Amino acid sequence: MTPHLLNVYNRAYPLFERGEGSWLFTPEGDAYLDCVGGIATNALGHAHPALVAALTGQAQKLWHISNMSRVEGQERLAGALTAASFADRVFFANSGTEAIECALKMARRYHFVRGAPERTMIYGFAGAFHGRSYAAINAAGNPAYVEGFGDRLPGYATLDLGDVKAIANAIATPTTAAIIVEPVQGEGGARDVPRALLRLIRGLCRRHGVLLIYDEVQAGMGRTGRLFAHQWHRGIEPDIMAVAKALGCGFPVGACLATEDAASGMAPGTHGSTFGGNPLAMAVANVAFDIIAAPETLTHVLDVAQLLRGGFESLRRNYPSIIRDIRGRGLLIGVALHPNNRAFVTAARDQKLLLAAGGDNIVRLLPALNISTADAGEALRRFEASCIAMQMEAAA
Ligand SMILES: Cc1ncc(COP(=O)(O)O)c(C=O)c1O
């Protein structure tokens with residue numbers, strides 16, 4: 001451990017020097033089964049040959065040119081993203097937080113250019129996570145993340161997913177600009193937002209001229225078995241959507257997607273980024289997109305997810321004092337626990353299985369979308385060994 005890094009992370013895992021597929025290796029050669037995937041990011045595992053070739057090939061040609069030039073890879077990826085979604089326009093950023101920042105600015109600007117500058121209120125939901133910028137922490141409203149950073153920003157408020165009346169009132173208020181929601185909450189507890197609620201929110205937003213923003217930074221890009229999580233439901237497309245994480249499979253890139261109408265307030269000079277959509281990021285993301293969007297990848301996600309879910313359901317029956325609930329969708333899996341989730345992450349690490357903690361005392365599994373069925377079975381075996389270790393510890 002160095003004393004020179006800002007002390008903001010709990011580093012629960014060992015130092016790794018190499019990765020291959022769903023496995024990570026320490027300098028000593030110990031192999032760990034990676035069911036975190038850089039927090040839903042290494043969607044094609046580590047060192048995928050096609051991604052390595054894309055990155056190294058581009059590295060020999062052109063790294064960076066700024067957005068004062070056309071970037072061919074941006075045009076290609078924007079074409080692919082819009083062809084596969086509700087969107088007409090794409091802005092490329094470097095992270096999920098930046099994609100969210102663009103979404104929030106776009107929503108306010110939309111109303112501003114329509115002569116309704118008073119429409120600035122952005123409503124998020126309790127349990128959400130949208131990133132760590134001021135806008136993002138205020139949009140999610142998690143008290144633990146806003147504490148100590150001064151006044152809450154004006155123009156943000158938090159709703160409860162269960163309080164339909166408050167949601168309807170917020171949308172009907174003439175100062176409301178947008179609603180932001182994760183169709184499947186990730187960090188907050190792997191909660192799948194009910195289709196009926198998404199439908200209600202979509203309908204009310206349309207009726208009252210409020211923009212609907214989806215945060216699919218974690219749930220998007222194939223993680224749930226559809227390219228985007230909201231595509232499980234018909235007729236609930238957003239106006240704006242943020243994606244990142246698996247978009248670059250580990251190379252930093254994010255994107256804000258929007259309809260032509262929602263994007264209409266954004267003119268040259270209203271937003272930008274030095275690095276956003278640079279040639280290196282685009283080279284990787286284009287190849288990643290083609291692999292992730294392929295039907296065989298999405299079918300594989302559903303098959304492995306079914307295997308894992310079945311396995312966890314039987315572990316729940318066998319270890320009722322450990323496992324409380326199984327949540328999530330596709331390969332965004334949350335296992336809600338009775339014992340402390342961070343203690344469980346440590347117990348799993350001792351079994352050389354990497355898991356991520358999450359809200360509501362869950363552990364999350366966010367494995368590579370191409371994890372083999374053999375590795376998924378191995379993850380279940382190691383998870384069971386962790387349950388046994390926790391049980392023995394409780395009995396001691
Ligand atoms: C749903 C969601 N939104 C936004 C973010 C922020 O993304 P980033 O960490 O790339 O800024 C995250 C990161 O975990 C996320 O899960």
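The values are calculated or read from the model by the stated rules, or taken from the named source; none is laboratory data. Everything quoted here is computed from the prediction, not taken from an experiment. Positions of Cβ are generated from backbone atoms using ideal geometry, with glycine treated the same way; all protein chains shown enter the neighbour counts. SASA here: full protein model, heavy atoms, side chains in, ligands and nucleic acids out. Shrake-Rupley method; radii C 1.70, N 1.55, O 1.52, S 1.80 Å.
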Protein accessible area in region 249-347, 1.4 Å probe - carbon and sulfur %: 56 percent
Gain in span if fully extended, Q391 to E260, counting 0.36 nm per residue against the direct Cα distance: 41.7 nm
Principal-axis tilt of helix 96-113 within the chain, Cα atoms, nearest 10 degrees: 20 degrees
Packing-based ranking, highest mean first, of 38-45, 347-354 given that Cβ atoms within 10 Å are counted: 38-45, 347-354
Tilt relative to the chain, helix 341-350 - C-alpha long axis, 0 to 90 degrees, to 10: 50 degrees
Extension gain, E75 back to L153 (0.36 nm per residue minus Cα-Cα distance, nm): 24.6 nm
Cα centroid separation - region 303-319 against region 1-73, whole Å: 29 Å
Distance from region 177-204 to region 213-268 (C-alpha centre basis), Å: 14 Å
Per-pair calculated FRET efficiency, R0 = 30 Å: Y145 and A293 via Cβ, rounded to 0.05: 0.40
Separation of alpha-carbon centers, region 357-384 and region 83-161, rounded to whole Å: 30 Å
Accessible area per residue, Å², region 240-360 with all protein chains present, probe 1.4 Å: 36 Å²
Kirkwood-Stokes translational diffusion coefficient of region 269-378, alpha-carbon pairs, 20 °C, 1.002 mPa s, µm²/s: 133 µm²/s
Distant alpha-carbon pairs in region 90-175 (separation over 18 angstrom), percent: 48 percent
Rg and Dmax of region 52-195, Cα atoms only, in Å: 18.1, 57
Area projected by the alpha carbon convex hull of the chain, averaged over all directions, nm²: 20.6 nm²
Mean separation of Cα contacts under 8 Å, 6 or more apart, over the residue count of region 221-374: relative contact order %: 21 percent
Dipole magnitude of region 317-372, debye to nearest 20 (Cβ charges: Lys/Arg +1, Asp/Glu -1, about Cα centre): 60 debye
Gain on full stretching of the segment that runs from L200 to V52 - 0.36 nm per residue minus C-alpha separation: 48.9 nm
Cut-off under 5 Å, modelled amide H: who pairs with W23 long-range: D34, H46
0 to 90° range, to nearest 10: angle between helix 72-83 axis and the chain longest Cα axis: 90 degrees
Magnitude of the charge dipole, the chain, Cβ model with Lys/Arg +1 and Asp/Glu -1, debye to 20: 740 debye
Sorted peptide list for 210-221, 245-256, 66-77, criterion being average Cβ within 10 angstrom, highest first: 210-221, 245-256, 66-77
Size-normalised alpha-carbon gyration radius of region 292-339, reference 2.2 N^0.38 Å: 1.32
Unpartnered cysteines - no second Cys beta carbon under 4.7 Å - across the chain: C35, C205, C249, C387
Projected label distance in nm at K165 and T274, using a 7 Å step from Cα toward the beta-carbon: 5.2 nm
Viscosity 0.692 mPa s, 37 °C: Kirkwood-radius Stokes-Einstein D of region 150-284 over Cα pairs, µm²/s: 201 µm²/s
